[in-house]
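Scroll down for the structure; my scribbles are underneath it.
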There are 2 protein chains.
Amino acid sequence: MAERAETTKYLLPEDRIPDSWYNIAADLPVPPTAVLHPGTHAPIGPGDLAPLFPLAIIGQEVTTDRFVRIPDAVRDVYRLWRPTPLYRARRLERALELPPGVRIFYKYEGTSPAGSHKPNTAVPQAYYNREEGVERITTETGAGQWGSALAMACGLFGIELKVYMVRVSFEQKPYRRALMETWGATCVPSPSPDTHAGREILAQTPDSTGSLGIAISEAVEDAATRDDTKYALGSVLNHVLLHQTVIGQEAREQMALAEAWPDVIVGCVGGGSNFGGLTFPFIGDHLGGRGEPVRVVAVEPAACPSLTRGTYAYDFGDTGRLTPLVKMHTLGHTFVPAGIHAGGLRYHGSAPLVSLLYDQGLIEAVAVKQRPAFEAAVLFARHEGILPAPEPSHAIRVAIDEALRAKEAGDDKTILFGLCGHGHFDLAAYDRYLSGNLEDYEHPQDEIDAALAGLPTVAI
Amino acid sequence: MAERAETTKYLLPEDRIPDSWYNIAADLPVPPTAVLHPGTHAPIGPGDLAPLFPLAIIGQEVTTDRFVRIPDAVRDVYRLWRPTPLYRARRLERALELPPGVRIFYKYEGTSPAGSHKPNTAVPQAYYNREEGVERITTETGAGQWGSALAMACGLFGIELKVYMVRVSFEQKPYRRALMETWGATCVPSPSPDTHAGREILAQTPDSTGSLGIAISEAVEDAATRDDTKYALGSVLNHVLLHQTVIGQEAREQMALAEAWPDVIVGCVGGGSNFGGLTFPFIGDHLGGRGEPVRVVAVEPAACPSLTRGTYAYDFGDTGRLTPLVKMHTLGHTFVPAGIHAGGLRYHGSAPLVSLLYDQGLIEAVAVKQRPAFEAAVLFARHEGILPAPEPSHAIRVAIDEALRAKEAGDDKTILFGLCGHGHFDLAAYDRYLSGNLEDYEHPQDEIDAALAGLPTVAI
């Protein structure tokens with residue numbers, strides 16, 4: 001009942017958009033793992049990456065500086081939607097009949113023009129490319145969230161964008177493509193006849209439905225073979241997670257406004273950029289001796305459980321084995337997850353920085369099936385008003401479970417989770433859930449074993 | 001280029017959500033027109049409306065108090081997304097190469113959980129019903145924006161909701177239905193077998209695709225015939241426009257923060273609630289001797305031009321002639337507009353208060369075709385980042401035209417327009433526009449004449 005459940009929103013003034021991104025590499029107990037050349041397996045240098053990324057981005061990928069200043073022009077665009085709100089979920093708490101000592105907070109990134117956290121890195125990536133004279137960018141997209149965020153950013157900075165969109169999504173989700181095209185991008189189904197990688201696959205499998213791995217291969221090849229073109233990635237890499245730390249830095253300040261501190265932080269993990277963005281400033285405070293320890297839980301889909309059922313090993317980022325090798329928790333670059341609706345969580349690996357923290361025992365991980373995630377999302381929507389995207393619904397499930405366990409045990413607990421996007425683009429998935437037809441995938445072990453057997457052998 | 005086009009966003013702190021709604025009836029040069037009984041044509045009293053609306057709403061429909069206090073519980077829910085931002089469209093201004101004296105501002109309502117301005121009235125309507133012990137509400141919806149906003153509000157206040165959704169939309173837009181159901185509403189296609197009005201139409205036309213007029217008849221009948229049920233309307237009526245004045249009151253304060261004042265305010269008009277909500281506080285300031293005059297332009301679709309090509313006359317709100325008669329600019333209650341994508345603008349009449357202002361020469365009106373509206377929307381999205389819904393895209397078209405005319409004439413001009421919702425639900429329409437297949441309806445005069453010939457004869 002509304003009058004007994006006061007809306008509690010913590011807002012920051014515009015000048016509290018962070019001045020800098022926070023780099024957890026400065027506070028890690030062990031150094032970040034090296035990135036290896038896909039052919040020689042030797043550690044790669046800036047020169048190897050120069051065909052793909054602008055120098056500023058390459059510098060951010062390897063820097064150990066604790067803070068990286070955010071350019072004024074990037075903060076300026078951030079101001080279109082930042083700072084984003086942090087809420088206490090009082091109505092949800094009441095619905096769960098939680099005692100006063102069990103509290104749920106969430107940081108909401110759905111107010112950006114793209115409806116998700118992705119513009120936090122799309123904007124600086126477009127900016128640095130423009131600053132270095134790049135006229136054209138390529139990228140891949142699965143369901144379209146990343147492609148549309150980058151399309152918006154490229155539109156604002158006057159850069160041409162070509163998006164290789166996984167064919168099955170291109171055909172099933174024409175509206176996501178329309179969003180990218182409205183913002184000025186060109187979007188083709190992948191595999192496409194536009195690249196060597198695409199033509200090779202089409203020659204073998206003319207009706208290939210594509211995959212994120214194939215689309216990455218195409219976008220990388222396109223960028224590597226044209227002087228006017230660079231490549232942009234929406235997750236996994238260090239610089240992407242770095243850019244997303246605006247989320248956690250704001251959240252830390254907002255939790256202080258709430259005179260509360262999280263006992264546990266919960267975030268969903270696909271590639272890991274939303275998760276890293278929210279949690280790294282908190283984890284780093286502890287690692288750097290500047291703050292209290294905090295439990296951190298990474299939530300992945302049971303259909304793509306790279307942390308809980310994968311291996312910590314060097315692997316390719318793409319199916320075509322064109323990308324550098326990075327050490328990550330992975331299910332193998334040949335792993336094909338089931339078609340869950342949380343398209344943003346369907347990546348075979350987790351970001352190297354997230355994987356390292358997990359390997360060091362500094363974060364926990366849990367896998368959640370699709371139906372319980374949607375059950376939590378519907379409960380959340382009915383009580384908090386906001387309709388969550390399927391990806392953060394996995395985090396909502398775990399946040400609710402944490403709260404109910406604390407209630408059961410009679411413990412006090414403050415829970416913070418990341419609500420990284422709204423679900424206005426995902427109503428087909430809600431429709432399927434509400435009609436009782438949503439599949440509840442959990443990947444069979446033999447397929448995981450087979451994909452893991454295909455990992456590259458790396459001597460390092 | 002971003003660094004030469006600073007984001008300029010005017011935010012208000014939470015405590016600047018208005019305390020009261022502003023009622024333009026207190027400042028009109030002539031009294032509001034009476035509402036007539038559909039059978040007797042006698043002015044109706046509160047008792048006639050009591051089967052449909054809670055007493056508090058009936059009181060607001062007829063009050064001439066200048067301010068109506070917003071209940072704390074309603075302001076509390078408003079805090080989920082209010083105050084909403086007001087922007088200066090600097091990047092759009094630059095794209096249009098406007099001189100410094102021509103400025104464009106917009107008030108953005110797309111950050112609400114439903115993505116539009118509709119929750120501003122859905123929340124108080126649900127609240128007053130709950131306060132008076134109503135357990136169930138009925139309403140109609142066309143494309144689903146209103147139905148989903150009311151579903152969200154009813155969810156928050158624990159009220160059952162039944163939505164009669166125009167059958168063609170129900171079938172073509174299952175995702176809008178999924179949104180309503182996620183928030184807990186029941187949604188049936190109209191005409192339905194659940195009401196006498198619906199059964200009668202189905203008996204004559206089993207494959208009827210329905211219309212907003214039919215759906216209103218069904219929702220009204222359902223509410224009128226059940227003791228536990230009231231009816232809610234999302235536009236047209238005085239109390240709905242009253243609730244929406246939070247938009248204009250905030251915008252007035254934000255324009256003062258910008259040290260600017262609009263020479264012209266532009267808003268799209270369907271029923272008129274977004275338009276009235278934005279413009280009435282400004283118009284009322286002038287009418288009440290508290291402020292300078294301001295030009296106000298109502299923008300309607302060429303496919304449904306009730307102000308520019310309709311008649312100012314008493315008419316029914318619905319096809320079934322069940323609603324009271326209200327005096328409004330109307331195309332006749334039998335008018336069926338073409339299937340434009342701005343579903344929120346497809347109503348045969350304009351709100352009595354908007355119609356009265358137009359009749360008194362206090363506001364202007366202009367009709368815009370669908371394609372030029374989308375052309376403006378795409379230009380706006382590429383430069384401002386935010387993707388507009390089709391409805392406010394009509395206002396964007398006119399705001400741009402006003403700016404270009406001022407530039408041409410060498411005049412200074414400050415333009416404010418209402419961006420009442422995002423277009424994340426409307427990508428099918430963008431897809432159609434981008435592929436060159438968008439129809440450009442302008443309603444034929446003979447059909448308008450025929451519909452106007454069907455207006456009821458009212459002696460008053």
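Computed across the protein assembly as shown, the Kirkwood hydrodynamic radius from all distinct Cα-Cα pairs reaches 28.3 Å. Convex hull of alpha carbon positions in the stretch B:93-167: directionally averaged projected area 7.3 nm².
Using a 7 Å projection from Cα along Cα-to-Cβ, the label point at A:GLN360 is separated from the same position in the remaining copies by 6.9 nm, smallest value first. Pair-distance distribution P(r) for the stretch B:325-384, from all Cα-Cα distances in 10 Å bins starting at 0: 18, 39, 31, 11, 1 percent.
Take each residue in A:423-433, count the other chain C-beta atoms within 10 Å of its C-beta, and the mean is 5. Only Cα sites of the stretch B:255-406 enter the Debye sum here, all with the same form factor; the resulting log10 I(q)/I(0) across q = 0.18 1/Å is -1.07, listed in q order. For chain A, the relative contact order is 18 percent, taking Cα pairs closer than 8 Å that sit 6 or more residues apart in sequence and dividing their mean separation by the residue count. In this assembly, the B-A interface accounts for approximately 4600 Å² of buried accessible surface in total, computed with a 1.4 Å probe and without ligands, DNA or RNA. In the stretch A:4-60, one over the average inverse separation of all distinct C-alpha pairs is 15.7 Å, which is the Kirkwood hydrodynamic radius.
According to the Cα-based calculation, Rg over Rh for chain A is 0.94, with Rh computed by the Kirkwood formula.
Report the antiparallel proportion of the DSSP beta bridges in chain B as a percent, rounded to a multiple of 5.
35
The radius of gyration of the Cα set in the stretch B:369-460, together with its Dmax, comes out at 17.3, 53 angstrom. From largest to smallest, the equivalent ellipsoid semi-axes obtained for the stretch A:128-245 from the alpha-carbon gyration tensor read 22, 16, 13 Å. Each part reduced to its alpha carbon centroid, the stretch B:89-162 and the stretch B:292-360 end up 20 Å apart. Take the Cα radius of gyration of the stretch A:240-343 and divide it by 2.2 N^0.38 Å, N being the number of residues; the result is 1.23.
Ordering A:259-270, A:56-67, A:184-195, B:103-114 by mean Cβ neighbour count within 10 Å, with the highest value first, yields B:103-114, A:259-270, A:184-195, A:56-67.
First obtain the Kirkwood hydrodynamic radius of the stretch A:12-124 from its Cα pairs, then insert it into the Stokes-Einstein equation at 37 °C and 0.692 mPa s, and state the resulting D in µm² per second as a whole number.
187
Taking the alpha carbon gyration tensor of the stretch A:128-189, multiplying each eigenvalue by 5 and rooting it gives semi-axes of 21, 10, 8 Å, largest first. Taking 29 Å as the cut-off for C-alpha to C-alpha distance, list the pairs among A:LYS107/B:LYS118; B:LYS118/B:LYS327; B:LYS9/B:LYS118; A:LYS230/B:LYS407; A:LYS118/A:LYS369 that go past it. Result: A:LYS230/B:LYS407 exceed 29 Å. The order of the peptides A:447-453, B:378-384, A:160-166 by mean Cβ neighbours within 10 Å, most packed first, is A:160-166, B:378-384, A:447-453. What translational diffusion coefficient, to the nearest whole µm²/s, does the stretch B:50-209 have by Stokes-Einstein, given a Kirkwood radius computed over alpha-carbon pairs, a temperature of 37 °C and 0.692 mPa s viscosity? It comes out at roughly 182 µm²/s. Our note on the geometry: Cα centres of the stretch B:1-78 and the stretch B:170-247, 22 Å apart.
Plainly put, the tip 7 Å out from Cα toward Cβ on B:ARG226 is 5.8 nm from that tip on each other copy, the closest given first.
At 7 angstrom along the Cα-to-beta-carbon line, where would the label on A:GLU200 sit relative to the other copies? Give the distances in nm, shortest first. Spelled out, the distances from A:GLU200's label point are 7.0 nm.
Radius of gyration (Cα atoms) of the stretch B:162-225, expressed as a multiple of 2.2 N^0.38 Å: 1.05.
How big is the antiparallel share of DSSP beta bridges in the stretch A:260-381, given as a percent to the nearest 5? So the antiparallel bridges amount to about 40 percent of the total.
For the stretch B:36-85, heavy-atom accessible area (probe 1.4 Å) falls by no less than 10 Å² from the chain alone to the full protein assembly at B:ALA73, B:ASP76, B:VAL77, B:ARG79, B:LEU80. Between the Cα long axis of helix B:238-257 and the first principal axis of chain B there is an angle of about 10°, rounded to the nearest 10.
The values are calculated or read from the model by the stated rules, or taken from the named source; none is laboratory data. Note that the structure is predicted; figures quoted are calculated from it, not measured. All Cβ positions, glycine included, derive from the backbone under ideal geometry; neighbour counts span all protein chains shown. Calculation scope for accessible area: heavy atoms of the full protein, side chains included, ligands and nucleic acids excluded. Shrake-Rupley method; radii C 1.70, N 1.55, O 1.52, S 1.80 Å.
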